[in-house]
């Protein structure tokens, strides 16, 4: 799937349901780039990727979109003085 | 603090191996908070700072042995009584107060105003009691914009110039660099506008359609009459200053100048990111269309106090406004959303 099409989909509830299933907790879902093919991929970041099964790809409008799942995610904080 | 004596080795050797050392030491001892390279008796070695008061699970204490040498390089332990804390909620007086002995020139009072300088919403700090507690809240002046009124303004985050929705438009005074008492010579701008931060209910999820998505964390403060400014950096900074706006793309090489880490370089690794919930005073906030930057060669791109920095591409185009981070990744909102949200243009 091309980048522009994927950008229009990434904040949709159905996409988040497909990637996250019943996961509850902080996360980040965005678009990265495959190192070899340079194709856009979905990048899911969660604190513990082994906590549940996440898909390695999802089907969007009949096209397969790879999902790269990264562990060790720490929720960001506003970088001012005091939280 | 206590120091363990050890013999040392060449600096270059220690620097080359510190990442592996950090991995081993953090894994072996959950009370370790930092690992670096430092001077030991006759050379250099690894220096690990351990928080003696850190609560450590009993199971962790029974785990791996703590090495006193790694790859033949000595490990020196420093005992601390606390964790590292936020660098941008700073005491307003004393040795750790802004500007005292700092190596970052952006923390000093600088005129004309330039991008990257330390700023404070003084009135919000009074209102929220921060000054009474002995602190001031500071962030970074991102860049300069022209408002719909044609006034020239400082662009930064809502949480820097507008107190996370608590700022009073047309009244709150912005100081550069910031102080515990109002200092007229530091008053450079007045809070003019900000984009409201909208929290989501606890437990909200995008999958359930219950999240309120924010586009930006941004605010502007009109520069005071007679205050000179320049869309540039302080002279020691050799990076290309802001000159135009662009769109962030994965792989873009970018830089920023911020109040805490100064000039840093990184790469945009993700775009169109949805992230949350991020802790703000009004509540947990989710953001969409955010992009992520990671520092070059594993370096830190940003830290507390750098909020508000303009993210600038290597060709000088501003692509975003830094607002959050987690130590490894820096989060920025796209500049076109910032400018449209505040009805302003980059000068």
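Each residue in the stretch B:317-347 was checked for being in contact with a helix residue (DSSP H, G or I) (Cβ under 8 Å, 6 or more places away or on another chain) and either within 14 Å of chain A (Cβ to nearest Cβ) or closer than 21 Å to residue B:198 by Cβ (or both), and 3 of them qualify. For the stretch B:159-197: of the residues being within 11 Å of chain A (Cβ to nearest Cβ) and outside any loop (DSSP other than H, G, I, E, B), which is surrounded by the most Cβ atoms within 10 Å (Cβ to Cβ)? The selected residue is B:160. Quick check on the stretch B:198-218. Is at least one of its residues within 15 Å of residue B:151 (Cα to Cα) and either surrounded by 21 or more Cβ atoms within 10 Å (Cβ to Cβ) or without any contact (Cβ under 8 Å) to a residue 24 or more places away in the chain (or both)? No, the conditions are met nowhere in the stretch B:198-218. Considering the stretch B:239-256, and only residues there that are buried (at least 21 other Cβ atoms within 10 Å of the Cβ) and either on the phi > 0 side of the Ramachandran plot or part of a loop (DSSP other than H, G, I, E, B) (or both), the residue that is farthest from the other protein chains (Cβ to nearest Cβ) turns out to be B:242. Applying the selection to the stretch B:125-140, what residues are surrounded by fewer than 24 Cβ atoms within 10 Å (Cβ to Cβ) and not in a strand (DSSP E or B)? Correct list: B:126, B:127, B:128, B:129, B:130, B:131, B:132, B:133, B:134. The set of residues in the stretch B:130-158 being more than 10 Å from chain A (Cβ to nearest Cβ) and at pLDDT below 95 consists of B:131, B:132, B:134.
Of the strands (runs of 3 or more DSSP E) contained entirely in chain A, those carrying at least 1 residues that are facing chain B (nearest Cβ under 7 Å) fall at A:27-33, A:40-45. Consider the stretch B:286-314 and keep the residues that are out of contact with any helix residue (DSSP H, G or I) (no Cβ under 9 Å at 6 or more places or on another chain), closer than 19 Å to residue B:163 by Cβ and at the interface with chain A (Cβ under 9 Å from one of its Cβ atoms). The one that is surrounded by the most Cβ atoms within 10 Å (Cβ to Cβ) is B:309.
Do we find a residue being surrounded by fewer than 21 Cβ atoms within 10 Å (Cβ to Cβ), farther than 27 Å from residue A:5 by Cβ and touching a helix residue (DSSP H, G or I) at 6+ places or on another chain (Cβ under 6 Å) anywhere in the stretch B:258-276? Yes, the stretch B:258-276 contains at least one residue that is surrounded by fewer than 21 Cβ atoms within 10 Å (Cβ to Cβ), farther than 27 Å from residue A:5 by Cβ and touching a helix residue (DSSP H, G or I) at 6+ places or on another chain (Cβ under 6 Å).
The values are calculated or read from the model by the stated rules, or taken from the named source; none is laboratory data. These figures come from a predicted structure and were not determined experimentally. Backbone-built Cβ (ideal geometry, glycine too); neighbour counts: all protein chains shown.
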